[in-house]
Each structure stands twice: as structure tokens, then as C-alpha cells.
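Down below is the structure, laid out as C-alpha cells.
Here, each number is a calculation from the coordinates, and none is a lab measurement. The model shown is predicted, which means the values in this text are computed figures rather than measured ones. Ideal geometry is used to build each Cβ from the backbone, glycine not excepted, and the neighbour counts take in all protein chains shown.
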Amino acid sequence: MEERIERLRREAMALPLLPGVYLMHDKTGKVIYVGKAKALKNRVSQYFGSQTNHSMKVRQMVAHVETFETIVVGSEFEALVLECSLIKQYAPKYNILLKDDKGYHYIRVSKPPFSRIAVVMQKKEDGARYIGPYMSSYGIKQAVDEANKVFGLSTCARSLCFGRKPPAMERPCLNHHLGQCCAPCTGRVTEAEYAERVAGALEWLTRGSAAMITTLEERMLDAAEKLEFEKAAKLRDRIAAIRRIDSRQTVVMSRVEEQDIVAMVRSGGRSCFEVFCFRGGALRDREEFIVDEMEGEAADRGEFLRRFYAEREELPRQITVDALPEDAELLEQWLTEKAGRRVRIVEPQRGEQAQLVAMCRDNASEHLAKVLGMSGRDASALDELGTLLGLSEPPAYIECYDISHTAGEDPVCGMIVYENGRPLKSAYRRFAVREAKGGDDAGAMMEVLARRLTDYKNGVEGFERLPDLILLDGGEAQVQAVKEVLTQLGVDVPLFGLVKDDRHRTRAIAVGGGEIAVRSHRAAYTLVSSMQEEVHRYAIGYHRKKRSKKIGTTLLKIPGVGQTRAKALLRHFGSVKAVSEATEEQLMTVKGMTAPVAASIVRFFEGREE
């Protein structure tokens, strides 16, 4: 394998420093990856150098590369256009490929009586009526769901396959009690009344709410004129329900009439791209795509946008993103030529557009969390923390350390682990500080991290995995001290400190001689605060346990001192050392102390124990 990599590297180093496209082939000659480059030599040679900075997917791709070929072009823009064409032609395994497997959707209306309206992906010869096809799965599913609720149509699993007269049932399902079903299974509506509801729902779905409201208003006025007040009241309530639905749908609106909003989150070696499509200022469709991480964030964003819009004929006038992709200007130029008009890529910083991007990003977090088996909140917090700290990807495996002691005595360290945003208690570890002097927290951190990382290098059970991020409960002094340890051991792990305020709450993150404010980033702040509280609880718990054992070998040896009195002494003086230096008068101030026991304590520490 080393000979193969070395051969490929030599061939890459012989390439020109010119723009072009490169194609990676496996041993069968199949194209497994296509990429573009501003300078072919620099870009291609990166694949065959050190593998430590590559993602898992890139390492897998390189492991299968047997040969590569390049095509030199006149400009970066020509390279981008050619790359899109070649990816479409070869569909390489390791490129981001967005398969449109959703297909078309239809509205299915089952045979009467008591028809049901649902969304399906295939038409069948079953006697049902099919309306469609529709491209937008999001839009049509939402519309059918709202139509069923507004017109009170049955969607539950109860059978409606009875004769002309429905059986009387005393208990309708929950949907009826929620006002979302007219309960045809109980005989509360006639066949004709239910058919009228179905017709109204289909009219709303095919003609729109404005036309439907006009029709219903005319029928309501007609019913009122005929003194059919009960019927008029039902029509009035239906009109109100439709208007409530319309008002809810206008909550997700944009002042930009035509745009796509694209956001990305990463976790666990995978990325989720969420796309919100706004047309006429309203959210009309949404799509999610899960892909493996390949290059850096900016490169993956750029490749996703090229793949996503390569297959689409109609392009929006604006693409709003949560972060600019690689080669954004070239991408704008390509999209503009493809659309035949100006297409802009923008990254909003504040206001309505920034809020819509945040909403899109939250939805991507939720979707990725489901795929990874995490909660959306955890995925969002890790993604926000990774971005805040400038990490290449969200930290899935985090270790946090805290030193605990009493006035410098019995120093210990607690190590907690969070995996995918949740405590992994089976990986918690505790350390007794052996060499660092009392009160030297930086020295204690150096000692503990040196032991932990040495155990990693030696393959000690429980320490086989390096974290994606190390957090220390402390400021810049602890961070700089531990950085020396990481350098000496040749370990490259992001390292930061957690700085507390005067109320012992997380205030900031220490890094490189400065601090990163974290409280304005709610998700990340909640995560690091919970970690800081957890590691403090774990460390102080170990310290108290160790100190309790020490009590058993010192204070409990004194005649007249039991567990209760020993704890009272430590609460009052703070340490065994302070107790040993106290006079009889000072000892008598402790609750429950007697003169004989006070004298016994003094004699014990003076070496005059009788």
C-alpha cells in the first residue's frame, strides 16, 4: 500500500499548477471520485500526503485509488462546469450524489361511501380516484392533512365498510373529541353529509382556500336566508377553520418572494443539508439530504449546491445560506448562466432572513439527530459549540476535567465524558493527584492529563479513544500548562478552558490568551454549563470520599472522636491540618465538643497521646 501511495504522490507532484478537473479510478478503472482544482498539483497531492487531517470518507476513497487522470482547462469556472458534467456522467461513488427517490405524489380518494383522502406515491387499479401527480411531497402532505382536519374527514384505522346504515357506537375515537373528525363510524353523519364534506375538501385542495371561502360564504348566506341557521352556523365554523389554517401558514413567510434557504449541520461523520423553498414569499416545499462528510465544511457546502442545482431546471433568484460555500463567486456565475438571469448567494447576519436560516438549521439538526439516534437539541448544541470553537466538525466525544481539594489537601481530579451531547458515565474516570503540590491546580492538571494520554498511547483499557475535544475547569493557566503536555506527547486534540464567574457559573471559554463569550449562544452555553456542573459534582464527590477515608486514619484514632465529631471538626476548621494547629480554646468552639476531648486532640497532635 505504501508503494502505491508513494507512486501516486510522485505522479501528483508532477502535475502543473493550472486549473483543471481530476478523476480518481479504482483498480477496475471505474471512476470513483471527480473533483476540480485551482492548481492541480497542490490539490491532488494533498490526497496522498498525511491522512491524519482527512475525513474517514476521504481516507476510504484514497485506499481504493489505483490511478488518476487530469484535464487541464482555461479557468476555474471552466473546471467547475466540467466537474458538474463529469459527475453527472459517471455518478462517482465518493461524490455527493443526491438521488431524487421521492418520486411523484398523488391525492388518493377512496371509493364512496365514506371516502378517505390520503397521499400516496403510486397509482393502483383499485377503483379509487387519483389526483396529481404533485412534485412537492411536503406541500401536498400538509394540504391533505389540513383538509382532513378542517372538513372532519375520517383518518383513523376504524373500518367504514358497513352497509347503508352505520352501526351505533357509543365511543368515537380521539380525533372526534379534538374536533378533527365527524365520526362517521358512529352514525353521527349521513352518507350524503359525508360526501358533501369530501367534495368540499377536494375543492379546497384543487382550487385553493380563497375560492373555497367564497363558495362557503355564498352557501352560508343562502342557508341563512332559508332560515337554516344550524347549517349556516356549521358553514361559518368551517370558514373560520380555513382562515385559521391560512393564518398559521403565513407565519413562515419571507419578504424575499423567491428564494431557497440552505443550512447544514454535521455530527458523527455525517452532514444533513436542509433546503426550504420559498415561492411567493411563502414556504412551499422542504427537503433533507443526509451525506457523509468528505472535505471541509466550505467545500462540502459548495459540492452540495452544485449537485442540488445541477438537476433542477428552475432556479430561485436568491439562495440564502447559513455559511458561504467554497468558490461562492464561481458558483454564482454558474447558477446565473444556468438560469439565464442573476442568481445571488447571500449569508444574512441579522433580521428576518437570519431567523429563517436559524429555523432551517434547527430542522436540519432535528433530522440528523433522528438518523444518529440523538435528540435534535443535542445535535444543535454540538454543532453550535463546534462552530463557536472553530472546530472542523462538531465534537461527538468530549472529556472534561476538574481539580478538587480542601485548602490544597488531598487533591483529586474528576474526568467526565459526554458522547453525542449526553453523559457517558461508563467512561468517567477519577485520579488521585500524586506529585503536584497542594493548591497547584495547573500542575495537577498537567499530571492528570499526562497520565491519561500516556495510558492512551500504551493502549490501557478504558483510555483507548482520544476525545474530539478536551475541556478544563479553569482559565488560561491550566490551558497553557496542559498544552505543553499535549505537545510533549505528540497528541493533537482541541483544548479549551471553562471560566466561571463569581457565582461559580460558566462565564466564558478560555483560548489562546483570550476568552470566547458563550452566554449569547444558548444551546452551546447550556451544554458546557451542564458539563462544568457535572464534572464539579463528580470531582468533589471523589474528594469527599477520599477525605472521609483519611478521617478514618487520623481524627478517628483520637480517643473520644467518632464519625460525628470528626465531621464537625472538619466542617469548622476545613482540614485536618487546621485541626492539628488549633488550641483547646478554639476546639471548644466546635458544636458538641467537651474539654476532655479537646485536650485529647491537642495531646494527639503534639505526640503526647496517652
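Let's test the formula: R0 of 22 Å, r as the Cβ-Cβ distance of Glu533 and Val511. What FRET efficiency results, to the nearest 0.05?
About 0.60, to the nearest 0.05.
Using only the alpha-carbon atoms, what does the chain span along each of its principal axes? Please give whole angstrom values in decreasing order.
Here the Cα extents, ordered largest to smallest, are 110, 78, 42 Å.
First select every other residue whose beta carbon is under 11 angstrom from the beta carbon of Arg266; then total the charges, Lys and Arg +1, Asp and Glu -1.
Combined, the nearby Lys, Arg, Asp and Glu give -4.
If amide hydrogens are placed 1.01 Å from N in the peptide plane, which non-local residues have theirs closer than 5 Å to the one on Arg344?
For Arg344, whose amide H was placed from the backbone, the distant partners under 5 Å are Gln318, Ile319.
Starting with the fewest neighbours, write out Arg434, Arg301, Arg284 ranked by other beta-carbon atoms found within 10 Å of each beta-carbon.
With the sparsest Cβ surroundings first, the list reads Arg434, Arg284, Arg301.
To the nearest 0.05, how large is the calculated FRET efficiency for Asp237 and Cys156 if R₀ is 25 Å and r is the Cβ-Cβ distance?
It comes to 0.70.
What number does the stretch 2-90 give for Rg over Rh if you use C-alpha atoms and the Kirkwood radius?
That ratio is 0.95, to two decimals.
Give the residue list of GluC sites (Glu not before Pro) in the stretch 24-97 that are DSSP loop and have at most 16 other beta-carbon atoms within 10 angstrom.
The qualifying sites are Glu66.
Starting from the Cα of Ser75, step 7 Å along the direction of its Cβ; do the same at Glu288; then give the gap between the two resulting points in nm.
Here the answer is 4.0 nm between the modelled labels.
Kindly put Cys413, Cys156 in sequence by how many other C-beta atoms sit within 10 Å of each C-beta, fewest to most.
Taking fewest neighbouring Cβ atoms as first place, the list is Cys156, Cys413.
Please list, in chain and number order, the residues 5+ apart from Leu472 or on another chain whose amide H is under 5 Å from its amide H, with Hs placed from the backbone.
Under 5 Å from the amide H of Leu472 lie the amide H atoms of Tyr401, Phe496, Gly497, Leu498, each far enough along the sequence or on another chain.
Roughly what would the spin-label model give for Glu258 and Val460, points 7 Å off Cα along C-beta, in nm?
6.5 nm
Work out, step by step, the length gained on full extension between Leu178 and Lys27: first 0.36 nm times the residue separation, then minus their alpha carbon distance; give nm to one decimal.
Result: 48.1 nm gained on full extension.
D for the stretch 377-533, whole µm²/s, Stokes-Einstein with Kirkwood Rh over alpha-carbon pairs at 10 °C and 1.306 mPa s: what number?
Once the numbers are plugged in, D ends up at 101 µm²/s.
Under a plain spin-label model, where a point goes 7 Å from the Cα along Cα-to-Cβ, how far apart in nm are Glu347 and Ala63?
3.3 nm
Taking only Cα atoms of the stretch 554-606, what ratio of Rg to Rh do you get with Rh as the Kirkwood inverse-distance radius?
0.88
Across every pair of different alpha-carbon atoms, what Kirkwood hydrodynamic radius in Å does the stretch 258-372 reach?
14.2 Å
With a cap of 16 neighbouring Cβ atoms within 10 Å, and only residues DSSP puts in a loop, list the trypsin sites (Lys or Arg not before Pro) found in the stretch 313-395.
Those that pass, being in a loop and sparsely packed, are Arg317, Arg341, Arg342, Arg350.
Give the residue list of trypsin sites (Lys or Arg not before Pro) in the stretch 1-110 that are DSSP loop and have at most 12 other beta-carbon atoms within 10 angstrom.
Lys27, Lys99, Lys102
So who's got an amide H within less than 5 Å of the one on Leu18, skipping anything under 5 residues away but keeping other chains? H placed 1.01 Å off N, in plane.
It is Leu40, Lys41, by chain and number.
What 222 nm value per residue comes from the helices of the chain, counting each DSSP H run with n ≥ 4 as -39,500 (n - 2.57) and dividing by all residues, nearest 500 deg cm²/dmol?
Value at 222 nm, helices only, nearest 500: -14500 deg cm²/dmol.
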